1. Work out the charge dipole of the protein assembly as shown with +1 on the Cβ of Lys and Arg and -1 on the Cβ of Asp and Glu about the Cα centre, then indicate which of A:V95, B:G49, B:V223 is farthest towards its positive end.
2. Find the Rg to Rh ratio for segment A:2-56, where Rh is the Kirkwood radius over alpha-carbon pairs and Rg uses the same atoms.
3. Of A:K6/B:K202; A:K218/B:K66; A:K191/A:K218; A:K218/B:K85, which pairs sit farther than 28 Å apart, going by alpha carbon to alpha carbon?
4. Taking every pair of alpha-carbon atoms in segment A:1-131, give the share separated by more than 26 Å as a whole percent.
5. Report Rg (one decimal) and Dmax (nearest whole number) for segment A:101-168, counting Cα atoms only, units Å.
6. When the helix-only estimate is applied to chain A (DSSP H runs of n ≥ 4, each -39,500 (n - 2.57), divided by the residue count), what is the mean residue ellipticity at 222 nm, nearest 500 deg cm²/dmol?
7. Assign unit charges at the C-beta atoms only (+1 for Lys and Arg, -1 for Asp and Glu), then state the dipole size of the protein assembly as shown relative to its Cα centre in Debye, rounded to the nearest 20.
8. Kirkwood-based Rg over Rh for segment A:155-275 (C-alpha set), two decimals?
Amino acid sequence: MMAHKKIMRTIGINIFAWVLSIILITPLILILINSLKTKGEASLMNLSLPQEIQLSNFTTVIEKGKLDTAFLNSLIYSVFSVVLCTLTSSMAAYVLSRNRSKANRIIYFIIVLGITMPINFIALMKIMQILQIVNTRIGIILLYAAIQTPFNVFLIYSFVGKIPRDIDEAAIIDGCSPLRLFFSIVFPLLKPVLVTVMVLTFLNTWNEYVLPLYYLSKTDYWPMTEAVYNFFGMYFRDWNLICADIVLTSLPVIIVYLLGQKYIVSGMTAGAVKG
Amino acid sequence: MKARRIYPTYFLIGSLLLYGVLYLLPGIAGIGLSFTDWSQFSDKINFLGFDHMFDNYIKAFAGDEKYSGYLTNTLLFTFVTTIVKNVLGLALAVLLTKRIKLLNFHRAVMYIPAVLSALIVGLIFRSVLNPADGILNAFLSKLGIEGPQWLGDPDLAIWSVMAVDTWKGMGYIMTIFIAGIMSISPTYYEASDIDGAGAWQKFKSITLPMLMPTLTVTTVLNVIYGLRVFDIVYALTNGGPGYATEVLYTGIYKEYGYGRYAMGSTLSSIMLVFMILVGFFLIRLMNRNEVEE
């Protein structure tokens, strides 16, 4: 009797999980299906399968929505901000964690405060104008690196604490310079947290939308998000094309997610759960 | 000092320049700018004078109903999404730490909305919630219910936006709760099995109390996110209809668009002060976790 009840409950839970998963994923399936339909079919926006698969939607979107340039832009912004931010954040986090002098503690505190601090976009515009980096690729890359510095420093800082100090001292006694000590000895040891930082920075930059909205008015510099929103404004009746555009924009993110799932989860839960 | 030689201060330069100039400085300068008349139409930025120093702030809180509406919408959004995401995230986490086949598949499905761009999610739900041919109203009409104007009705729109945001965000909260549940020692559950405790009793007396630290953190994360929300509102309603869904950050963007820079800076600064308080709280929490480690 008890065993019977237990089996029923297990089946019930499994069914419940499936129902939830299906409800939650339906909007995404909807987009995928409609990206393969004709304009007429897609205007109904339902879950019926396409009469004939319209792969031409994708080529149309790439052409009309200038997605090739946008893809390249997104890639440039993501890759460069990942490299820049990972490098600067890891160097800073390492020194801040190792040398906890009073000044360094204050610096760490101020940097980490940035995790919650909102950006004043309007004042930032003024500063970017003074630096003459509005509407430039380099400007947007610097911004992406800047806004992700607080969280990245925070993540790496707590990881550095787990690497034994003896290594540093041994290397210095052997005549290692601080730079060499960091890059050839400590840096490789930070690999797990650095992968997390890189994956998260990449995803955030790829998905980000606000900074280009303020600081990139040149269409040639637009990343994918900007291009997709603009496309939506122009072709708001062609849901098949909009869906195709959404699929193409989200595909890299989902691929990176599936590849880096382990690292994303560990990064996102870091600090949230002790132990 | 030996430490300074091994761990030289110049390692900090990159981060300090990036963060200091492009993040911290605008925040501080913005407070200064909020006491001025800066706008697109003025050649010079003038200080408002000591008598009128706080004029922009008075306008934000009391003078113009529009601005206080941004504040209340932001707070409502933050309050509701924080609670709902916590409750649903916790429920999903409890469900997905049970013995279920294809557990990782279910977890991945529920997490995927969290990795998508908020802008994209907004566009997806512009379709789903379309009153005429959206899939939700089509489904409701099959049940004989006439679906409402989800995003067009001024009373309903903000709730629709919050629902979409919950769809996107609860997977992330769930993931944190899953990590929290997994770190609870199984011996507690084994002991309660011997005592013959039911599922609800186990949840109430073991899971929930043990998850308190996690719950505090997810709450803080939700609050930070809610106060700073922009993309999803911008993509779904752009603050409309009227100002029904306007939150602080979309409001700031509009002020910027109209060239009212000082006012935009004022709204930003109000948020800054608010968020720094939240930040202090968060850092205290994180430090406590580190000490306990």
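1. Farthest towards the positive pole: A:V95.
2. That ratio is 1.31, to two decimals.
3. Result: A:K218/B:K66; A:K191/A:K218; A:K218/B:K85 exceed 28 Å.
4. Summing the P(r) of segment A:1-131 above 26 Å gives 64 percent of all pairs.
5. Taking only Cα atoms of segment A:101-168, I get Rg and Dmax of 15.7, 47 Å.
6. Counting only the DSSP helices, I get -24000 deg cm²/dmol.
7. 1480
8. Value, to two decimals: 1.17.
Throughout, read-outs are computed from the coordinates displayed, never taken from laboratory work. For clarity, every value in this text was computed on a predicted model and none was experimentally measured. Note: ideal-geometry Cβ built from the backbone for every residue, glycine included; neighbour counts use all protein chains shown.
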